[in-house]
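Participant: Let me begin by handing over the structure; questions about it come next.
The values are calculated or read from the model by the stated rules, or taken from the named source; none is laboratory data. From a predicted model like this one, the values you see are computed outputs, not experimental measurements. All Cβ positions, even for glycine, are placed from backbone atoms using ideal geometry, and neighbour counts span all protein chains on display. Only protein heavy atoms, including side chains, enter the accessible area calculation; ligands, DNA and RNA are left aside. Shrake-Rupley method; radii C 1.70, N 1.55, O 1.52, S 1.80 Å.
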Amino acid sequence: MTSMRSTAQQLVEHALATSTADDCIAIVRDATSANLRWANNTLTTNGVMTEVSVTVISFASVDGGIATGSVSGSAATTAQVGALVEAADAAARAGTPAEDEAELVADLTSPDWDDQPVTTDIGVYDAFAPALGEAFVQATAEDRLLYGFVNHEVVTTYLGSSRGLRLRHVQPTGHYACTGKDASLTRSAWTGGATRDFRDVDAAAMAATVAQRLAWAERRVDLPAGRYDTILPPSSVADLMIDAYWGAGARVAHEGESVYSRRGGGTRIHDKVAAPGVNLFSDPAHPGLECAPFVVAGSSDNTDSVFDNGLALERTDWIRDGLLTGLLQTRHSAAMTGQPVTPMIDNLVLEVGDGAGTIDDLVAGTQRGLLLTCLWYIREVDPQTMLLTGLTRDGVYVVEDGEIVGAANNFRWNESPIDLLNRFSAATASVPSFSREWGDDYFSRTATPALRIPDFNMSSVSQGV
């Protein structure tokens, strides 16, 4: 006989009650997701998935301090959670003192702690799917092929501790991506975006964007490597800003290993790192980008600490008016650097003080240059300058006298997002954006402007599509 599935709260309480360690934290994530996939103007798959995952973090007194053990796994019954608890307790007792040891957060309860998980289902596409079907018909009639994927997920997180934490957060996350090709498969265009509920996603507009970009590419213009006046759309700016954010660990900067390290020692907090008017911040309550208002950490590393679970999060300015004002700080790293505790938050906003207008306005103001669609395969080359490399993909468009006149070949590029924040010549208003490189699986809640870079470094020609 199999055990009956337990509620998320029961799983948390069972973990805390059965742990024999000195302290225990249990994190339960109840997730449902619904997706559609299409190819060759035909819906190919759809499905709904459910998953319950549990992380148990045990804290044990050992010679010299407190050791931790963290174990995660799928678990829907108390018996399965019991196995995770046993493993976490054993790992803690066998561990060495944790360098990030701090007093655990205590006695906080969310008013909705007793509520059941929020779910999603295929009905989230009730408006999107019929419009997508009409887009298939039009694309077939006009000799275009559409490929794409949409996913909507709702994760309800329950965080409990032996010190009295009982915190709950519901996180909806969605995204759409569509690639179009001509009938000969020689041209390719992409568009995508993020959403919380798909009520703001227009399938017809999505398909029209792809069609327009394929039309731009009817003329091919081969260009050599070099530096070009380049318009980065909000999606590409999000790609780069996420790297800049993930690389903003305070401890790494304090130890002299990042672009945020001050020459001679310490961090560059309070130094100029971007042009005046540039603001980069995170805010759990930012409209449309809402995320968990407290720390949820399943393990410790340079930017997260299991001891910080439950710490309240609020708006944090990373760059204010061009000055570096904050780095990713646990309580441990904050003690090292002498700066406030500023943990990682699951969204990111870039605003430029005088940014206005749209990409169309940037194009109209460009005499000769390039408009990118997206960046791809981004990798770090040098952490001390945050030099990144990557490829362009699915559309590099040539601008002449304020109009798009064709599509160029693809390039490999080499740039630093911090350098770009000093060198851009124009910026639009900030809008919700979606990183093609990082948005699908890692970080989808961003708002960024488009930026015009007068000398973007296309270091070599790429044969990619």
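Participant: If we keep just the residues of the stretch 56-73 that are closer than 13 Å to residue 26 by Cα and small (Gly, Ala, Ser), which is most open to solvent (accessible area, probe 1.4 Å)?
Facilitator: Residue satisfying both the conditions and the ranking: 72.
Participant: Here is a further query. Within the stretch 210-219, how many residues are open to solvent by less than 40 Å² (accessible area, probe 1.4 Å) and in contact with a strand residue (DSSP E or B) (Cβ under 6 Å, 6 or more places away or on another chain)?
Facilitator: Kept after step one, since they are open to solvent by less than 40 Å² (accessible area, probe 1.4 Å), are these residues of the stretch 210-219: 210-211, 214, 217.
When the remaining residues are screened for being in contact with a strand residue (DSSP E or B) (Cβ under 6 Å, 6 or more places away or on another chain), the result is 210, 214, 217.
Count: 3.
Residue-by-condition table, conditions (1) under 25 Å from residue 367 (Cα atoms); (2) open to solvent by 50 Å² or more (accessible area, probe 1.4 Å); (3) of a type in the set (Ser, Thr, Tyr):
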position	(1), (2), (3)
163	no, yes, no
169	no, no, no
178	no, no, no
186	no, yes, yes
196	no, yes, no
207	no, no, no
228	yes, no, yes
237	yes, no, no
245	no, no, yes
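Participant: Pairs needed: first member in the stretch 295-312, assigned to a strand (DSSP E or B); second member anywhere, buried (at least 23 other Cβ atoms within 10 Å of the Cβ); C-beta distance under 9 Å; at least 6 residues apart or different chains.
Facilitator: Hits for this filter: 312/295.
Participant: Just give me the residues in the stretch 120-146 being among the polar types (S, T, N, Q) and assigned to a helix (DSSP H, G or I), in sequence order.
Facilitator: 138, 140
Participant: For the stretch 364-374, which positions are open to solvent by 10 Å² or more (accessible area, probe 1.4 Å) and either of a type in the set (Val, Ile, Thr) or touching an Asp or Glu at 6+ places or on another chain (Cβ under 9 Å) (or both)?
Facilitator: Across the stretch 364-374, the qualifying residues are 364, 367, 368.
Participant: Same structure, new question: Can you name the residue in the stretch 220-264 that is among the β-branched types (Val, Ile, Thr) and assigned to a helix (DSSP H, G or I) and is also nearest to residue 414 (Cα to Cα) among such residues?
Facilitator: Among them, the one singled out is 237.
Participant: Say whether the condition of being of a type in the set (Lys, Arg) and either under 26 Å from the mean Cα position of the chain (by Cα) or open to solvent by 60 Å² or more (accessible area, probe 1.4 Å) (or both) is met by at least one residue in the stretch 136-159.
Facilitator: Checked against the condition, which is being of a type in the set (Lys, Arg) and either under 26 Å from the mean Cα position of the chain (by Cα) or open to solvent by 60 Å² or more (accessible area, probe 1.4 Å) (or both), the stretch 136-159 yields no hits at all.
Participant: Right, another one. Does residue 42 satisfy the criteria of being hydroxyl-bearing (Ser, Thr, Tyr) and either open to solvent by 20 Å² or more (accessible area, probe 1.4 Å) or within 30 Å of residue 133 (Cα to Cα) (or both)?
Facilitator: It is true that residue 42 is hydroxyl-bearing (Ser, Thr, Tyr) and either open to solvent by 20 Å² or more (accessible area, probe 1.4 Å) or within 30 Å of residue 133 (Cα to Cα) (or both).
Participant: How do the strands (runs of 3 or more DSSP E) wholly within the stretch 389-465 filter down when requiring 1 or more residues that are touching a Lys or Arg at 6+ places or on another chain (Cβ under 6 Å) and modelled with pLDDT of 95 or more: which remain?
Facilitator: Once the strands (runs of 3 or more DSSP E) in the stretch 389-465 are filtered for at least 1 residues that are touching a Lys or Arg at 6+ places or on another chain (Cβ under 6 Å) and modelled with pLDDT of 95 or more, what remains is 403-408, 451-462.
Participant: Here's something else I'd like to know. Consider only pairs whose beta carbons are under 7 Å apart and that are at least six residues apart or on different chains; among these, list those whose first residue lies in the stretch 418-437 and is of a type in the set (A, V, I, L, M, F, W, C) and open to solvent by 40 Å² or more (accessible area, probe 1.4 Å) and whose second residue is assigned to a helix (DSSP H, G or I) and at pLDDT 95 or above.
Facilitator: 431/234
Participant: While we're looking at this one, here's another question. Taking the stretch 330-345 on its own, how many of its residues are assigned to a loop (DSSP other than H, G, I, E, B), over 25 Å from residue 58 (Cβ atoms) and out of contact with any Pro (no Cβ under 7 Å at 6 or more places or on another chain)?
Facilitator: Looking only at that region, the number is 4.
Participant: Condition first: closer than 17 Å to residue 289 by Cβ and of a type in the set (Phe, Trp, Tyr). Now tell me which residues in the stretch 416-465 satisfy that.
Facilitator: Selection gives 434, 438, 442, 443.
Participant: May I pose another question? Looking at (1) closer than 28 Å to residue 151 by Cα; (2) open to solvent by 10 Å² or more (accessible area, probe 1.4 Å); (3) charged (D, E, K, R), which is the only condition residue 455 fails?
Facilitator: Single failed check for residue 455: (1).
Participant: Identify, by number, the condition in (1) touching a residue at least 12 places away in the same chain (Cβ under 8 Å); (2) open to solvent by 20 Å² or more (accessible area, probe 1.4 Å) that residue 32 doesn't meet.
Facilitator: (2)
Participant: Can I ask one more? Suppose we filter the stretch 265-275 for residues that are in a strand (DSSP E or B) and either among the hydroxyl-bearing types (Ser, Thr, Tyr) or crowded, with 21+ Cβ neighbours inside 10 Å (or both); how many remain?
Facilitator: Here the count works out to 1.
Listed here are the residues, each with its yes/no results for (1) small (Gly, Ala, Ser); (2) open to solvent by 10 Å² or more (accessible area, probe 1.4 Å); (3) more than 23 Å from residue 434 (Cα to Cα).
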residue	(1), (2), (3)
286	no, yes, no
291	no, no, no
310	yes, no, yes
329	no, no, yes
337	no, yes, yes
